[in-house]
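Data first, discussion second: the structure below is written as structure tokens.
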Amino acid sequence: MEIEKSLRLEAAPAQVWALLLDPTAMMSCVPGMQSVDVLGPDEYLAKMKVSFSFVSASFTLRTRIVESVPPSRLRAEGTGEENALASSLRQRTDITLEPEDGGTRLQLKVTLDLVGRLGTFGLAPMKTKADRLWDEFGRRLAERLAPA
């Protein structure tokens, strides 16, 4: 499954970049994120809980930044396990930041392979959930970047 999204933020690319690389800030912006541990300068272990209609899934996600061009481009790859539903995922996330009218255009492309019981839900419910998560992430990110 591929998901492509775009969001305009009222902050400079360098400010958005710094927030994206702050694990504590990202934990507060990503819906369902319960914890994040820094394993190294470019590697993280996160615990996330997400509900899909009537099913709740708790993933342990190991993510590594594999490409970084500050403050404009980032690529991360990761894997995750969900034991209760015997599911696993592999993801690649590409983030691009571009200056736009005094702010920043954040573009996101996620390639996700989900196997196991969660993989049987089908593309439509997954994309609907991804849209909702993106909207909430965008709202939380914009709030974090808003001037105090």
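The values are calculated or read from the model by the stated rules, or taken from the named source; none is laboratory data. Everything numeric in this text was worked out from a predicted model, so none of it was measured. With ideal geometry, Cβ positions are generated from the backbone for all residues, glycine too; neighbour counts draw on all protein chains shown. What goes into the accessible areas is simple: the full protein's heavy atoms, side chains included, and nothing from ligands, DNA or RNA. Shrake-Rupley method; radii C 1.70, N 1.55, O 1.52, S 1.80 Å.
A few notes on this one:
- Every residue from the stretch 69-90 that is open to solvent by less than 60 Å² (accessible area, probe 1.4 Å), touching a Leu at 6+ places or on another chain (Cβ under 9 Å) and without any contact (Cβ under 8 Å) to a residue 40 or more places away in the chain: 78, 79, 80, 82, 85, 87, 88, 89
- Highlighted here are the strands (runs of 3 or more DSSP E) found entirely within the stretch 51-131 that include at least 3 residues which are over 16 Å from the mean Cα position of the chain (by Cα): 55-69, 87-100, 103-116.
- Applying the condition of being among the hydrophobic types (A, V, I, L, M, F, W, C) and open to solvent by 50 Å² or more (accessible area, probe 1.4 Å) to the stretch 91-125 and asking which residue is modelled with the highest pLDDT yields 115.
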